[in-house]
1. Checking the a/c ratio against 1.5 first, then a/b against b/c, what shape does the Cα gyration tensor give for the stretch 143-244?
2. Distance from the Cα centre of the stretch 98-118 to that of the stretch 13-84, in angstrom?
3. Throw me the Rg/Rh for the chain, computed over C-alpha atoms with Kirkwood Rh, two decimals.
4. Using a Cα-Cα cut-off of under 12 Å, which aspartates and glutamates could be cross-linked to residue 102, ignoring same-chain neighbours fewer than 8 residues away?
5. Taking K and R as +1 and D and E as -1, what net charge do the other residues with C-beta under 15 Å from the C-beta of residue 177 add up to?
6. Where a Cα-Cα gap under 16 Å defines reach, which aspartates and glutamates qualify for residue 121, not counting those fewer than 8 residues away within the same chain?
7. Please tell me the relative contact order of the chain in percent, rounded to the nearest whole number, where contacts are Cα pairs under 8 Å and at least six residues apart.
8. Work out the length of the dipole vector of the chain about its Cα centre, built from +1 on the beta-carbon of each Lys and Arg and -1 on the beta-carbon of each Asp and Glu, and round it to the nearest 20 debye.
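What follows draws every value from the coordinates through simple rules; no lab data is involved. Keep in mind that what you see is a predicted model, and the values were worked out from it rather than measured. Quick reminder, even Gly has a Cβ in these numbers, built from the backbone with ideal geometry, and neighbours come from all protein chains shown.
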Amino acid sequence: MNPIATVDGSNTLFSTQYNQHYHNIDDGAIHESLSKHIIPAFKFHQDKDELNILDICFGLGYNTLSTLYYIKKNNLNKRINIFSPELNKKLVNELKDFVYPKEFDDLKDIIYQLSTNKYYKNEQFEITIYIGDARDYLEKLNLKFDVIYQDAFSSDVNYELWTKEYFDLLYKLSNENTIITTYSIATPVRLSIYEAGFIIYQDIPIKRKITLAFRKKQNKIGKYVDMELKKQRNKKACALYDDIIR
Ligand SMILES: C[S@@+](CC[C@H](N)C(=O)[O-])C[C@H]1O[C@@H](n2cnc3c(N)ncnc32)[C@H](O)[C@@H]1O
């Protein structure tokens, strides 16, 4: 592992397989996780005292760990169940030695257990990492998620986690109040999410836009994006589909 410091001082890695950093160097790993995923999700679900969270995909675990950090820092009395698939077993095995930011200092035991056992449970948190393909995992799951952190590598290299058929799977695993958070604002990605039945919103947590998606209209967070209008204005725009040969 060859850690790379991001702008907020937290470390990330570069994936030679996907030719991409795990986090945006200019945003900062922990900052990106909190601003693009955790804060919007917890703002939306502030009244709920138990949340089922799907973390796509575990990677270095920043989204899962930032969730725990955010809950502890804000003394939230919520029960959290996190489910996170990840293809790269070697990466997860090595995370016990990764140098995380000081914000995660209190989470050292949890990091060790997740890296070693792929599982952690106490009276407030239950975290399960599934080593394998996310889509196989989602096909088999039989529960509803309140929050979905959609944080795969970008669609040009991690196509299978951005197609309409993939979001169909997420739709089956969502409830009336599910929030999907993602850094991707690409129109084809938004169309994939939209065609799977979700309603698209845009938010600007700090400097960069993000996409949020819900099964029904809401007025707690973000600005509604009219995808029918987008399609009218951009006739060539098209969702991503499993069977399109690229
Ligand atoms: C951008 S990284 C995730 C970063 C992570 N959220 C974090 O905070 O470190 C994307 C991750 O998805 C994993 N991945 C890519 N395709 C996958 C698939 N089909 N199933 C499971 N994991 C996958 C990669 O191995 C990589 O760790």
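1. Verdict is rounded for the stretch 143-244.
2. Answer, in whole Å: 14.
3. With Rg and the Kirkwood Rh in hand, the quotient comes to 0.94.
4. Qualifying aspartates and glutamates at Cα under 12 Å: 8.
5. Values: positive: 43, 48, 78, 144, 215, 216, 217, 220; negative: 47, 49, 50, 146, 176.
With Lys, Arg at +1 and Asp, Glu at -1, the neighbours total +3.
6. Excluding near neighbours in sequence, the set is 50, 106, 109.
7. Normalised by residue count, the contact order of the chain is 17 percent.
8. 780
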